[in-house]
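Chemist: Pasting a structure here, questions to come.
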Amino acid sequence: MTDFTIAIPTYNGALRLPSLLERLQEQVNTETIAWEILVIDNNSTDGTEQVVRDYQTRWTKQFPLRYSCEKEQGLAYARQRAMTEARGTWVGFIDDDLCPALDWVYCACEFGQEYPSAGAYGGQVHGDFEVQPPENFQRIASFLAIRERGTNPHLYKPESLCLPPGAGLVVRKQAWLDSVPDRLAFGGRVGNSLLANEDFEALLYLHQAGWEIWYCPTLHSYHSIPSSRLTRDYLLRLMRDTGRGVCGLRLVGATSLERLAIILKLGFGSLRRIVLHVLKYRGQIATDLVAACELRYYLNTMLSPFYWFQQQRGNVRVNLQNNLAVSKEEAIAKAKIVG
């Protein structure tokens, strides 16, 4: 029986994977833990598979290094593949730009044993910046998966979308399989889109199934943030796309009657935040990047119901096309039988 799986979803990670795999080989206090490393290649085009295969040929550790490929593009699909193929009771997601502390596996396993009602938990994710972040960056640091919430374990608050990021997230495998749909509404970032939220969506399903979501202060990792992710253009796009997904998250598990109330509350609440923000930072938004990012997020949160409606229309169209395709195939098959 395997206690723990380290799952590494990666897309074109040939240059990033070696340092992470080397780091994981140095994990301490794991002598009594049965664990494995599972690399999920999300349809890479840069030789990622060959990098993993090369490591496998010279792998001497007691814990196995496994490889799997998920052809459907999107982090959500890579994570789902990890959940179906992982052998561990717990699955810890380590992105290829994350550097875990040397006791990461040990601390993750220890916390899971101490909190049996936890369906998922995340630790402290510190920023490893290539360049100095903008002034007051801590106000928006969470949008880049940074979490530094003190030294005491505590419950997150899913009802207010206060949740751990997917980077460094540990999940009880069976809880995920029992609670999270095979296909999420949010597929993850693909191409130029920064619309993510797939991790939050999965956690909301876990929470609604009765599982607790915890913060583990002893679980440390360092998120590599290149200069390209601190530019004005990138941060504003990140805020825009993240805000657009808020309505979809708020409506997870909601009934038809609840949806209307949630949408109205979201719209009026966002409008109030926009007005207060503009009054507080008027004259500074053009020069204060963090204030501009916050405003962009509030604006797109207010508009997120429209993007949700648009997404629903798109889903209906896709389902209709799929049904028509199936009907056509069935008709052809019947014609062949009759013929």
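Chemist: Kindly state, to the nearest 0.05, the FRET efficiency for residue 178 paired with residue 135, given R0 = 51 Å and r defined as their beta-carbon distance.
Modeler: Working: r = 45 Å, r/R0 = 0.89.
Here the calculated transfer efficiency is 0.70.
Chemist: If Lys and Arg each add +1 and Asp and Glu each add -1, what is the summed charge of the other residues whose beta carbon sits under 10 Å from the beta carbon of residue 290?
Modeler: Numbers: positive: 139; negative: 135, 288, 294.
Value of the local net charge: -2.
Chemist: Here's a follow-up. Work out, step by step, the length gained on full extension between residue 160 and residue 272: first 0.36 nm times the residue separation, then minus their alpha carbon distance; give nm to one decimal. Don't skip to the end; give the middle numbers.
Modeler: On the way: separation 112, 0.36 × 112 = 40.32 nm, distance 1.69 nm.
The residue 160-residue 272 span can extend by a further 38.6 nm.
Chemist: What distance in nm lies between label points placed 7 Å from Cα along the C-beta direction at residue 282 and residue 208?
Modeler: A separation of 4.1 nm, rounded to one decimal place.
Chemist: So between residue 258 and residue 43, what do we pick up on full extension, going 0.36 nm a residue minus the alpha carbon distance? It would help to have the intermediate numbers written out before the result.
Modeler: Values: separation 215, 0.36 × 215 = 77.40 nm, distance 3.86 nm.
Extending this stretch completely gives an extra 73.5 nm.
Chemist: Given R₀ = 25 Å, what would the calculated FRET efficiency be for residue 32 paired with residue 126, taking r from the Cβ atoms and rounding to 0.05?
Modeler: My answer for the efficiency is 0.35.
Chemist: Let me ask another. Give me the percent relative contact order of the chain, please, defined on Cα pairs under 8 angstrom at least 6 residues apart.
Modeler: It rounds to 17 percent for the chain.
Chemist: Follow-up question, since we're still on this one. Arranged by the count of other C-beta atoms within 10 angstrom, fewest first, what order do 131, 105 take? Each step should come with its number before you reach the end.
Modeler: On the way: 131 12, 105 26.
Least to most surrounded, the residues fall as 131, 105.
Chemist: Would you tally the net charge around residue 137, using a Cβ to Cβ cut-off of less than 13 Å, leaving residue 137 out, and scoring K and R as +1, D and E as -1?
Modeler: On the way: positive: 139, 229, 232; negative: 135, 148, 288, 294.
For residues surrounding residue 137, the net value is -1.
Chemist: Report, to one decimal in Å, the Kirkwood hydrodynamic radius for the stretch 97-225 based on all distinct Cα pairs.
Modeler: Working: mean 1/r = 0.0651 Å⁻¹.
Radius from the Kirkwood sum: 15.4 Å.
Chemist: Lysine pairs, Cα distance under 25 Å, 8 or more residues apart or cross-chain: how many in the chain? Each step should come with its number before you reach the end.
Modeler: On the way: 61/173; 71/173; 157/173; 157/265; 265/280; 328/336.
Value for the chain: 6.
Chemist: Looking at the chain, which longest stretch skips every one of the trypsin sites (Lys or Arg not before Pro) that is in a DSSP loop with at most 14 other Cβ atoms within 10 Å, leaving the sites themselves out?
Modeler: Of all site-free stretches, the longest is 72-182.
Chemist: Mind pulling up the Rg/Rh value for the chain? Radius of gyration and Kirkwood radius, both on Cα. Don't skip to the end; give the middle numbers.
Modeler: Working: Rg = 21.5 Å, Rh = 21.6 Å.
My calculation of the ratio gives 1.00.
No value in this document is a laboratory result; all are computed from the given coordinates. Predicted, not measured: the structure shown is a model, and the values here were computed from it. So basically every Cβ, Gly included, is an ideal-geometry build from the backbone, and we count neighbours across all protein chains shown.
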